[in-house]
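In what follows, a single structure is set out as structure tokens and then discussed.
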Amino acid sequence: MFVLIIAAVLLFTACETAPKDTVAKVGKYTISAQDLEDNVAALKGRWNNATEAFDGRLATLDNLVNGKLMLLEAYKRGLDQDTIVTKPLEANASRRKLIALWEIEIVEKTKVTDEELKARYDAMSKEYSAAHILVKDSVLSEELYGKLQQGEDFSKLAMEFSEDPGSGAKGGDLGWFSVGRMVKEFEDAVMALADNEVSKPVKTRFGWHIIKRGGMRERAGRRPFDEEKESLRQMVEREKQTKRMEEYLDGLYTNNNFAYNDANLEMIKGRYENPEDPTAMTPDKKDLVLATWTGGQFTVGELDSLYLSQPPYRRPPIATPDQLRDFVKQASQERLLVAETEKLNITQNAKYKETYEKELEEAMLRAVQQDIYTNLEITDEDMQLYYQANPDSFMDPPMVIAKEVQITAEADARKVADEIRNGASITDVAEKQSERGILKSRDWELEITEMRFPELFAAAKGANPGDIVGPVKDNRSSKWSILEVVEVSEAKPMEFDKVKGRINSKLGRIKRETVMEDFLAGARDEFSVKIYENNVAALIDSSRFAAPAAPAAPAAPAAPKPVTP
């Protein structure tokens, strides 16, 4: 009767009228269909039919439900007000401000429309070939362009002057590429050219390019638009966000009257030529101002401190005036951005509050999980009992110990085997010819198990000490082995002290799983949980599968699993 009541409750929950676009309710929380789809995005390619797609979604949904149950418990315990949880979050305040600023100024202002995606898809139906000459100096780029106009060979100039190590040696040839593979300024220039036409110098973040277009062709093997849509969205979003960020930063420097102190930069320009010399990093006047902006400045002392705080392999070169100016500008950027967040009173913005709440709940999850796992002591008696109850889990495998000569060529190996069978010492032969040199320090003895050397083990396991076996091919090394068997041992129990660490880890995992299952079972009883399986089934695109199969009946909730925040 109890089983029938439970089944009826599950059936009622699954079949009751479900809120639109909702797959589960857990106490005060709602798990939307989009939440579930976001969490199964990486799993969809593994599902072979609609049943697997349904079961996979339910398993993921179960984990999401478990996470919400733990959060409900965390709020019940007041962990959102516990300073042990909230205090560490204060250190991330500046980071949260910058994340919120990014969302407001960059993400929200670079939305991508379906029309843009279709236009990019159509543009990517073509491929282009091109060659280029890349130089860092604009004057040199104009000189080279002039030489090309006078008839000099493009390939020769590219091999002589181009600073692109990949294409320069090939006369500047970049091969074939589609839209999205190159930076936008470069792509725009290529598409504007006619075949075999050469461009004027084009500036990108890599330097100055002189481009020669080779040709254009249709791109083969394209997937339908719907299959490429999401990857295209990521590409176009990234491009638009990069462009918007560059524009925003340019405006930030301009609006805050950012300016270099050229005299002071000139004064210290040689100080960082040898960053490994600590005396070179100590200027006479730490308060020399290198750059100023509205409400702030950047000094030599701050430059020293920031530069030295980075490990040597991460320090950018700042030996030239341009490198020094770039470093100072980059170092000032975060302070300008944080100041901007203060002007916007960004801590009151919904994006900031959303980021803070996410970090807070992650910290609360860690805290409540740590509390659930408290006092999981594992005694020596526990480990001994587990060791005795599971003897087959702790066995040394059967083993053959044999002296070995390893040879690459089969014919040579057969000659060596004949010599040894005719009385030659395998140790002397191994000294002269064996290719597994690591065995020399072990008197040429090899420990052979089925897992490590399956072919050698199969050939030698029935032999007696003193028998010569082989040559046998070891498929892992593709070489041939001649063996003189020294000892053949059967499987035997491992000593307790040898496996104590493994047992401790396994018992710890079992205990954690048990206490988590007990906690989640209790939490499901305490907090209301509703799963809307019909809405889960509606997410499945059966047309993706050759033989679609809808679930025959609502499945019972999966067994609770430990939640990893």
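The values are calculated or read from the model by the stated rules, or taken from the named source; none is laboratory data. The shown structure was predicted, so the numbers you read here are calculated from the model rather than taken from an experiment. FYI the Cβ positions are ideal-geometry reconstructions off the backbone, even for glycines, and counts take in every protein chain you see.
Per-structure values
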| read-out | value |
| --- | --- |
| Residue within region 449-465 that is touching a residue at least 12 places away in the same chain (Cβ under 8 Å) and of a type in the set (Asp, Glu) present | yes |
| Index of the failed condition, Gly522 passing every other in (1) in a strand (DSSP E or B); (2) of a type outside the set (D, E, K, R); (3) surrounded by fewer than 14 Cβ atoms within 10 Å (Cβ to Cβ) | (1) |
| Residue list for region 503-512, filter: basic (Lys, Arg) and either part of a loop (DSSP other than H, G, I, E, B) or surrounded by 15 or more Cβ atoms within 10 Å (Cβ to Cβ) (or both) | Lys506, Lys511, Arg512 |
| Residues of region 188-219 satisfying the condition of being farther than 28 Å from Thr113 by Cβ and out of contact with any helix residue (DSSP H, G or I) (no Cβ under 9 Å at 6 or more places or on another chain) | Leu193, Ala194, Asp195, Asn196, Glu197, Gly214, Gly215, Arg217 |
| Matching residues, region 174-219, being at pLDDT 90 or above and basic (Lys, Arg) | Lys200, Lys203, Lys212, Arg213, Arg217 |
| Residue count, region 187-231 (criterion: assigned to a strand (DSSP E or B) and among the charged types (D, E, K, R)) | 5 |
| Hey, Met159 without any contact (Cβ under 8 Å) to a residue 40 or more places away in the chain, of a type outside the set (Asp, Glu) and either on the phi > 0 side of the Ramachandran plot or not in a helix (DSSP H, G or I) (or both) or not | no |
| Residue that is nearest to Ala339 (Cα to Cα) [pool: residues in region 276-311 that are at pLDDT below 90 and polar (S, T, N, Q)] | Ser305 |
| Qualifying residue in region 50-68 (condition: over 25 Å from Arg366 (Cβ atoms), without any contact (Cβ under 8 Å) to a residue 60 or more places away in the chain and part of a helix (DSSP H, G or I)) | yes |
| Residue list for region 69-108, filter: free of Cβ contacts under 8 Å to residues at least 12 places away in the same chain and more than 29 Å from the chain's Cα centre (by Cα) | Lys76, Gly78, Gln81, Thr83, Lys87 |
| Tally of residues being in contact with a Gly (Cβ under 9 Å, 6 or more places away or on another chain) and either surrounded by fewer than 21 Cβ atoms within 10 Å (Cβ to Cβ) or closer than 17 Å to Met399 by Cβ (or both) across region 438-490 | 9 |
| Every residue from region 196-222 that is basic (Lys, Arg) and over 20 Å from Val135 (Cα atoms) | Arg217, Arg219, Arg222 |
